[in-house]
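J.: First, the structure itself, so that you have it in front of you.
Every number here is computed from the coordinates shown, using simple stated rules; none is lab data. In this text, all values refer to a predicted model and were calculated from it rather than measured experimentally. Virtual Cβ from ideal backbone geometry, glycine too; neighbours counted across all protein chains shown.
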Amino acid sequence: MRQGTLVRGFGGFYAVRDAEGQEFTLRCKKKFRRLGLSPLVGDEVLFTPGEGEEHGWLEEILPRSSQCLRPPVANVSLLLIVVAPVPEPDLLLVDRMMVRARAQGMDMLLVVNKCDLDAGLAQELQAQYAGAQAPVFAVSAESGQGLGALRERMGGRLCCLTGQSGVGKSTLLNALLGLSLETGEISRKIQRGKNTTRHAELLMKDGLRVLDTAGFSLLELDGGMEPVTLKEYYPEFAAYEGKCRFEPCYHDREPGCAVTAACGEGAIHPQRLARYRALLAEVRQTWRERYD
Ligand SMILES: Nc1nc2c(ncn2[C@@H]2O[C@H](COP(=O)(O)OP(=O)(O)O)[C@@H](O)[C@H]2O)c(=O)[nH]1
Ligand SMILES: [Mg+2]
Ligand SMILES: [Zn+2]
């Protein structure tokens with residue numbers, strides 16, 4: 001058996017690429033259906049190649065480091081959260097995505113695109129997310145500024161771009177990979193017209209590995225999240241954990257809260273904390289209503 005990465009699925013077939021870059025067309029063994037297991041783009045799999053023109057067989061799916069259903073992809077290790085001066089950034093959405101990504105064990109970068117229009121946004125976000133373990137990269141997909149440094153940081157990790165519509169994800173994907181393809185939403189519409197489904201595709205070029213997918217922008221917070229766990233997804237709070245007067249402390253409005261104090265001293269950005277509290281209220285609401 002050989003090992004490869006699942007790069008796309010189409011009408012019951014799977015395209016798998018091995019380490020040398022050779023692509024194989026496979027079908028799935030019946031046992032997967034019995035096990036309720038569906039191969040996902042990004043999966044590392046073991047397979048038997050077919051003879052000549054015949055398709056081969058996908059035999060095993062190796063353990064996943066992460067898994068999403070919308071879009072259906074596995075093993076994303078680095079999430080690129082893209083924002084831009086236009087459309088106006090929705091930072092609550094950014095924070096929501098960060099929580100969700102961190103809960104899935106992904107690392108993340110905050111990519112500020114369209115820096116040719118306004119260089120100030122990157123600086124502002126650098127301040128707001130200084131402790132958030134989401135390094136800020138100022139880039140312009142149009143001028144090429146910052147793309148080299150971003151490519152370097154992406155390395156060979158399996159990356160996925162997410163962000164509001166219009167921030168330049170498709171343009172950025174093309175610029176990063178030096179491609180000119182109809183990406184994401186557009187290609188999917190065409191594909192749907194042809195009666196095939198393609199939710200995601202893994203693109204590989206010059207060592208970069210990036211998922212082309214449209215559906216990552218609507219990340220909802222996990223409905224089952226216990227309110228007290230939300231704070232664990234804010235790396236900037238870690239140094240103050242256990243130092244509040246009350247235990248557990250939600251870092252909301254409790255007296256003697258070390259996080260509130262740190263914010264007063266400028267160690268935690270007030271707007272990031274305010275948004276955390278807004279998300280906390282939401283998670284509490286969902287938690288209260290979970291059995292309704
Ligand atoms: N000025 C400027 N415009 C950009 C840049 N990147 C993308 N755009 C424009 O932003 C618009 C939305 O881009 P698109 O890639 O479709 O965004 P998506 O919805 O996130 O995929 C298009 O008109 C692009 O030409 C950039 O770096 N600078
Ligand atoms: Mg797009
Ligand atoms: Zn506290």
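J.: Got a sec? How would Cys249, Cys160 order by Cβ neighbour count within 10 Å, fewest to most? Could the numbers behind the result be given before it?
T.: Numbers: Cys249 22, Cys160 27.
So the ranking, lowest neighbour count to highest, is Cys249, Cys160.
J.: For a Förster distance of 22 Å, can you work out the FRET efficiency between the beta-carbons of Asp252 and Glu88, rounded to the nearest 0.05?
T.: Numbers: r = 27 Å, r/R0 = 1.23.
My answer for the efficiency is 0.20.
J.: Right, next: So for the pair Glu23, Glu226, with labels modelled 7 Å out along Cα→Cβ, what separation do we get in nm?
T.: Between Glu23 and Glu226, the label points sit 4.6 nm apart.
J.: Hey, another quick one. Over the chain, what is the percentage of antiparallel beta bridges among all DSSP beta bridges, to the nearest 5?
T.: On the way: 27 of 47 bridges.
The antiparallel proportion sits near 55 percent.
J.: Got the relative contact order for the chain handy, in percent, Cα pairs under 8 Å and 6 or more residues apart?
T.: Values: 524 pairs, mean separation 45.1, N = 292.
That works out to 15 percent.
J.: Which peptide among 74-82, 261-269, 127-135 comes first, and what is the full order, when sorted by highest mean count of other Cβ atoms within 10 Å?
T.: Values: 74-82: 24.1, 261-269: 15.0, 127-135: 17.6.
Result, highest mean first: 74-82, 127-135, 261-269.
J.: Quote the convex hull volume per residue of the range 1-154, based on C-alpha atoms, as a whole number of Å³.
T.: On the way: hull volume 22.8 nm³, N = 154.
Dividing the Cα hull volume of the range 1-154 by its residue count gives 148 Å³.
J.: How large is the charge dipole for the range 227-288, taken about the Cα centre, if only the Cβ atoms of Lys, Arg (+1) and Asp, Glu (-1) carry charge, to the nearest 20 debye? Don't skip to the end; give the middle numbers.
T.: Working: 9 positive and 8 negative charges, 42 e Å.
I would put it at about 200 debye.
J.: With only alpha-carbon pairs counted, each pair once and no self-pairs, how large is the Kirkwood hydrodynamic radius of the range 227-288 in angstroms?
T.: Numbers: mean 1/r = 0.0855 Å⁻¹.
Taking every pair of different Cα atoms in the range 227-288, averaging 1/r and inverting gives 11.7 Å.
J.: Which residue fluctuates most in the GNM of the chain (Cα springs below 10 Å): Arg245, Arg272, Arg100?
T.: Arg245
J.: Where the only charges are on Cβ atoms (+1 Lys, Arg; -1 Asp, Glu), what is the dipole of the range 2-63 about its Cα centre, to the nearest 20 debye?
T.: Working: 9 positive and 10 negative charges, 94 e Å.
Taking the Cα centre of the range 2-63 as origin, the dipole is about 460 debye.
J.: With the crude spin-label approximation of a point 7 Å out along Cα→Cβ, what separation in nm comes out for Ala278 versus Ser38?
T.: 3.3 nm
J.: Let me test this: with uniform point scatterers at the alpha carbons of the chain, what is the Debye-based log₁₀ I(q)/I(0) at q = 0.10, 0.16 1/Å?
T.: Calculated log10 I(q)/I(0) at the listed q: -0.62, -1.26.
J.: What spacing in nm lies between the two simple spin-label points modelled at His55 and Gln67, each 7 Å away from Cα in the Cβ direction?
T.: 2.2 nm
J.: Next question. R0 = 51 Å: FRET efficiency of Glu265 with Glu142, Cβ-based, nearest 0.05? Can you show the working numbers first?
T.: Working: r = 40 Å, r/R0 = 0.78.
According to the calculation, E is roughly 0.80.
J.: Here's another thing I want to ask about it. Calculate for the chain the 222 nm mean residue ellipticity that helices alone would give, adding -39,500 (n - 2.57) per DSSP H run of length 4 or more and normalising by residue count, nearest 500 deg cm²/dmol.
T.: Numbers: 8 runs with 79 residues, N = 292.
Value at 222 nm, helices only: -8000 deg cm²/dmol.
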